[in-house]
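Everything below concerns the one structure shown next.
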Amino acid sequence: MAINGAAAELNIVVDDQRVRVAAGTTVAAALFNLGTAAFRRSVSGEPRGPVCGMGVCFECRVTIDSRPHQRACLIAVVDGMHIRTATEA
Amino acid sequence: MMAPLAGTDATLIVADVAIVGAGPAGIAAAVRAAESRLRVVVLDRGLETGGQIWRHMSGSPVPRIAQHWIAQLSRSGAQVIHGTSVVDVQHEDAEFEILADSSGSALRVRAGRIILATGARELFIPFDGWTLPGVMGIGGAQALLKSGASFAGKRVIVAGSGPLMLPVAASLATSGAKLILVAEQARRSAVMRFAAGLWRSPALVAQAARYRSRFLSTSYSTGTWVTAAHGADRLESVTVTDGRRTWREAVDVLCTGYGLVPNVELARLLGCETRDGAIAVDAQQRTTVANVLAVGEATGIGGAPLSLIEGEIAGSSVSPRGRVSDALLRKRAALEIAARRMLDAFALRQELRSLPTAGTIVCRCEDVSYGAVKDAACARQAKLYTRVGMGPCQGRTCMPGLDFLLAWQPDTVRPPIEPALVSVLSSELADDAAASILFNSSVGEAYQ
Amino acid sequence: MTAHHDAVVVGAGIVGAACAEALSRSGMSVLVLDASFAGSGTTAAGMGHLVVMDDSPAQLALTAYSGRLWAALAPELPRNVEHEACGTLWVAEDDEQLEAVRAKQSVYADSGVATEILSPAQLAEAEPHLRPGLAGALLVRGDAVIYPPNGARALLQRAITNGASLREGVRVDAIGAREVIAGNERISCDCVINAAGALAPELTPGIPIVPRKGHLVITDRYPGFCRHQLVELGYLTSAHTMTTESVAFNVQPRATGQMLIGSSRELVGWDGSINRSIVRRMLDRALDFMPGLALASAIRTWTGFRPTTPDKLPLIGSWDEMPGLWIAAGHEGLGITTSVGTGQLLADLITGRTPAIDPAPFAPSRVLAGVGAH
């Protein structure tokens with residue numbers, strides 16, 4: 001999946017806001033670049049963000065296209081994605 | 001993404017060798033095994049080949065050696081399937097059947113041999129505030145960086161221990177982060193002794209110097225560690241100590257980790273013996289289970305060069321005409337010695353056992369505090385009473401730290417070894433399922 | 001140690017804990033012994049349902065009685081017991097099953113258990129993720145779920161407050177006349193209660209309890225996906241019939257929002273390994289009823305052993321072959337449900353009070369006479 005050359009941009013929706021992000025990034029990286037702090041809320045309501053970066057810790061979970069518990073660090077950003085953060089209970 | 005064959009709800013791949021993990025070790029094993037025209041399939045959780053250390057998404061630079069091996073892999077005839085997490089494996093007659101979640105669909109891989117290249121993950125020791133967004137692993141920061149995250153202009157501290165610290169600090173600094181401090185918990189004397197011993201490996205010395213040169217203006221402090229992180233909804237500052245004095249630093253990102261832990265869950269599910277937390281292997285990289293080999297960090301933390309050699313040895317080992325040169329064996333021996341030296345030098349200090357307070361969250365999945373578990377009679381009791389380790393990470397984040405703190409032994413491993421969709425766990429092949437990947441006709445001599 | 005206790009309870013699972021609670025409340029001095037730690041055996045593996053079940057009139061009486069005791073206890077239980085009064089829906093797939101549901105309603109009513117019959121539309125509203133086309137369901141509002149290990153601990157804590165003692169990590173090697181032997185300790189008492197569940201026959205040869213293996217799968221958190229405990233009517237057949245193996249649909253929402261998916265039954269001795277084929281069948285059955293579960297993430301599977309008697313009724317009462325010995329074991333899949341009822345029944349029998357329900361069907365003497373063989 002190597003995209004060479006110029007940085008393409010994609011349109012996605014994050015928490016009901018339309019944003020443009022660089023192509024060829026993971027959802028976790030894109031959210032990090034957007035300044036998202038709380039990817040999810042822990043069971044006691046704490047804000048949580050990515051920790052291990054490799055799909056092991058499950059802290060970066062967000063809802064993507066209405067599917068909850070998606071590990072943002074393992075998923076590439078796709079044009080038209082709808083991402084919801086800080087919704088895990 | 002692989003669509004299931006009509007009439008079944010799982011896709012079947014039949015191979016001679018199934019390799020789990022496409023990091024350096026898995027890549028080298030695949031290349032060597034495929035040289036003998038064996039049908040080789042490589043399964044990897046990530047989006048691209050390279051594992052953790054050779055991560056590259058569009059734009060990020062890849063070391064030449066990684067380019068070399070990845071190019072060889074793409075020419076080798078081995079099939080590499082990304083986005084694939086192994087959730088179960090069974091022995092069926094003389095064959096293994098792996099069940100994997102591949103981009104949300106069930107994938108079954110049958111092979112006569114398995115090579116485990118499952119790598120390692122970071123060891124985290126919990127401390128107050130470590131759950132704040134902005135506190136991440138050292139490898140975690142590298143992973144984010146290499147998948148497109150920008151740390152430019154951010155105030156960053158790298159603190160902890162282990163082989164990831166220098167390269168990640170270098171990468172972050174090069175990418176424009178304001179690296180304020182690199183804090184290694186090991187004592188200066190241990191680090192100096194280790195550095196002095198590096199005269200045997202001039203390449204390693206040169207590499208360390210190159211890394212260090214990328215953040216020369218940043219303090220590299222030994223015998224120093226972070227005791228707490230502070231902030232309202234995200235990280236704002238940390239408390240640092242050198243054992244004598246304590247001070248605060250304002251930071252945006254704390255990269256912290258205390259070394260690496262081999263990923264042995266799949267090995268243990270197969271019944272492989274482990275030693276010191278790593279998969280036990282012999283000189284041919286064979287585990288204690290017939291037809292299962294293991295390579296790379298999962299067999300003991302030793303770095304990419306060692307992983308490559310182990311992969312080559314295993315790949316040659318499963319090949320009917322594979323030969324391993326004496327030079328390769330000598331290199332492996334030398335790198336193993338160097339790896340052991342490194343692990344000894346950077347052993348974790350006693351003071352780290354006081355890092356968590358009673359209120360520190362130790363299980364991030366279930367929000368269980370240290371106070372709730374530290375007096376438990378055993379790990380199993382703590383799990384049943386508090387649910388520590390019973391969340392989706394299946395204890396991967398908390399248990400190594402709790403083993404360091406409380407000497408907890410790992411639990412029995414049961415499938416799924418990673419959370420799996422109910423649809424994947426309930427999937428079944430039709431009796432007459434045909435394999436949906438056909439290897440190149442020039443490949444595929446059955447292994448005798 | 002030579003201290004004397006009125007009662008020694010062997011086994012700190014939920015049944016032993018309930019016995020200790022009831023006996024200590026009756027004024028007896030109680031010592032509870034467990035080879036491992038409280039709630040670590042079958043109790044740890046179970047679903048934790050508190051469910052009225054009518055495989056037989058005696059079972060109905062005991063589960064209904066115990067359900068009432070649990071309901072009274074609920075407000076006092078610590079939060080970590082996670083008592084959820086979610087109710088049970090017995091789901092009818094077709095009109096024939098709907099008839100069975102009507103019959104069930106009448107049987108439950110005779111035991112004072114109020115239920116409602118839901119039409120397909122009402123069922124769909126109550127549980128939107130059940131597949132369409134079902135015939136209806138029986139709603140038992142009074143049913144609930146708890147988290148069993150902490151349920152056992154809560155009962156033990158009440159016993160301890162009443163003066164009982166708990167010693168964990170103590171394995172009882174033998175039960176004698178008014179004594180137990182643990183290592184080189186002889187602990188004397190007036191009564192010994194064998195509450196060792198599936199291990200009860202090891203201490204009291206002749207108890208016809210065999211381990212009946214079950215599998216469970218727990219998902220990640222999906223709050224609101226499932227609001228009630230859901231059971232198919234075939235569950236009773238699965239529990240009743242001692243075939244080689246059977247699965248029956250049973251899904252339970254936990255307080256955490258996780259879903260617990262069961263159930264399976266097999267007789268394979270003590271082999272606790274995961275049987276993938278049974279897990280597939282169990283999940284397939286669950287998907288039949290709740291297709292949306294396909295996309296739920298399953299994070300763990302495990303097995304447990306239900307202590308099973310030939311007539312599916314527990315042994316609660318005196319074991320006349322050994323002076324001072326009482327049995328409280330063999331609860332199959334209803335140990336959590338019937339624990340407090342068992343404890344109270346046993347305490348009544350020991351202290352000579354009239355029990356609230358007829359104890360005769362549970363009398364251990366029935367198995368000595370060969371009664372109840374299936």
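A:Ile64 meets each of the listed conditions (1) within 24 Å of B:Val253 (Cα to Cα); (2) surrounded by fewer than 21 Cβ atoms within 10 Å (Cβ to Cβ); (3) away from every other protein chain (no Cβ under 11 Å) apart from (1). Would you confirm whether any residue within the range B:413-423 is facing another protein chain (nearest Cβ under 8 Å), within 20 Å of A:Cys52 (Cα to Cα) and not hydrophobic (A, V, I, L, M, F, W, C)? There is at least one residue in the range B:413-423 that is facing another protein chain (nearest Cβ under 8 Å), within 20 Å of A:Cys52 (Cα to Cα) and not hydrophobic (A, V, I, L, M, F, W, C). Here B:Pro400 clears all of (1) of a type outside the set (D, E, K, R); (2) away from chain C (no Cβ under 14 Å); (3) open to solvent by less than 10 Å² (accessible area, probe 1.4 Å); (4) within 19 Å of the chain's Cα centre (by Cα) except the condition numbered (3). Select from the range B:217-269 the residues that are among the aliphatic types (A, V, I, L, M), open to solvent by 50 Å² or more (accessible area, probe 1.4 Å) and farther than 16 Å from B:Thr131 by Cβ and list them in ascending order. Of everything in the range B:217-269, just one residue is among the aliphatic types (A, V, I, L, M), open to solvent by 50 Å² or more (accessible area, probe 1.4 Å) and farther than 16 Å from B:Thr131 by Cβ, namely B:Ala250. Counting the residues of the range B:424-434 that are more than 8 Å from chain C (Cβ to nearest Cβ) and either within 30 Å of the chain's Cα centre (by Cα) or closer than 19 Å to B:Ala372 by Cα (or both) gives 1. Of the residues screened, B:Pro392 is not one that is away from chain A (no Cβ under 14 Å) and either assigned to a loop (DSSP other than H, G, I, E, B) or crowded, with 20+ Cβ neighbours inside 10 Å (or both). Scanning the range B:101-133 for residues that are within 22 Å of B:Gly231 (Cβ to Cβ) and more than 7 Å from every other protein chain (Cβ to nearest Cβ) yields B:Phe124, B:Ile125, B:Pro126, B:Phe127, B:Asp128, B:Gly129, B:Trp130, B:Leu132.
Against the list (1) facing chain B (nearest Cβ under 7 Å); (2) open to solvent by 60 Å² or more (accessible area, probe 1.4 Å); (3) touching a residue at least 60 places away in the same chain (Cβ under 8 Å), the condition A:Asn33 fails is (3).
What's the number of the condition B:Gly303 fails, among (1) open to solvent by less than 20 Å² (accessible area, probe 1.4 Å); (2) of a type outside the set (A, V, I, L, M); (3) at positive phi? Unmet for B:Gly303, out of (1) open to solvent by less than 20 Å² (accessible area, probe 1.4 Å); (2) of a type outside the set (A, V, I, L, M); (3) at positive phi: (1). Among the numbered criteria (1) open to solvent by 30 Å² or more (accessible area, probe 1.4 Å); (2) within 14 Å of chain A (Cβ to nearest Cβ); (3) polar (S, T, N, Q), which one does B:Thr357 miss? So the condition that B:Thr357 fails would be (2). Each residue in the range C:231-267 was checked for being over 19 Å from C:Thr301 (Cβ atoms) and either small (Gly, Ala, Ser) or in contact with a helix residue (DSSP H, G or I) (Cβ under 8 Å, 6 or more places away or on another chain) (or both), and 5 pass. Scanning the range A:36-54 for residues that are surrounded by fewer than 22 Cβ atoms within 10 Å (Cβ to Cβ) and either more than 10 Å from chain B (Cβ to nearest Cβ) or under 13 Å from the mean Cα position of the chain (by Cα) (or both), we see that the one that is farthest from C:Asp220 (Cα to Cα) is A:Ala37. So which residues in the range C:94-128 are over 20 Å from C:Thr63 (Cα atoms), in contact with a strand residue (DSSP E or B) (Cβ under 7 Å, 6 or more places away or on another chain) and outside any strand (DSSP E or B)? Matches in the range C:94-128: C:Leu98, C:Ser119, C:Pro120, C:Leu123, C:Ala126, C:Glu127. Within the range B:277-291, the set of residues being closer than 18 Å to B:Val89 by Cβ, without any contact (Cβ under 8 Å) to a residue 60 or more places away in the chain, open to solvent by 60 Å² or more (accessible area, probe 1.4 Å) and in contact with a strand residue (DSSP E or B) (Cβ under 8 Å, 6 or more places away or on another chain) comprises B:Arg286 only.
Within the range C:147-171, restricting attention to residues that are surrounded by 24 or more Cβ atoms within 10 Å (Cβ to Cβ) and touching a strand residue (DSSP E or B) at 6+ places or on another chain (Cβ under 8 Å), the residue that is farthest from the other protein chains (Cβ to nearest Cβ) is C:Ala164. In summary, C:Asp284 fulfils each of the numbered conditions (1) within 14 Å of chain B (Cβ to nearest Cβ); (2) farther than 30 Å from B:Glu92 by Cβ with the single exception of condition (2).
The values are calculated or read from the model by the stated rules, or taken from the named source; none is laboratory data. Every value quoted in this text rests on a predicted model; they were computed, and no experiment measured them. Every residue, glycine among them, receives a Cβ derived from its backbone with ideal geometry; neighbour counts consider all protein chains shown. Heads up: the accessible areas ignore ligands, DNA and RNA and are worked out on the full protein's heavy atoms, side chains in. Shrake-Rupley method; radii C 1.70, N 1.55, O 1.52, S 1.80 Å.
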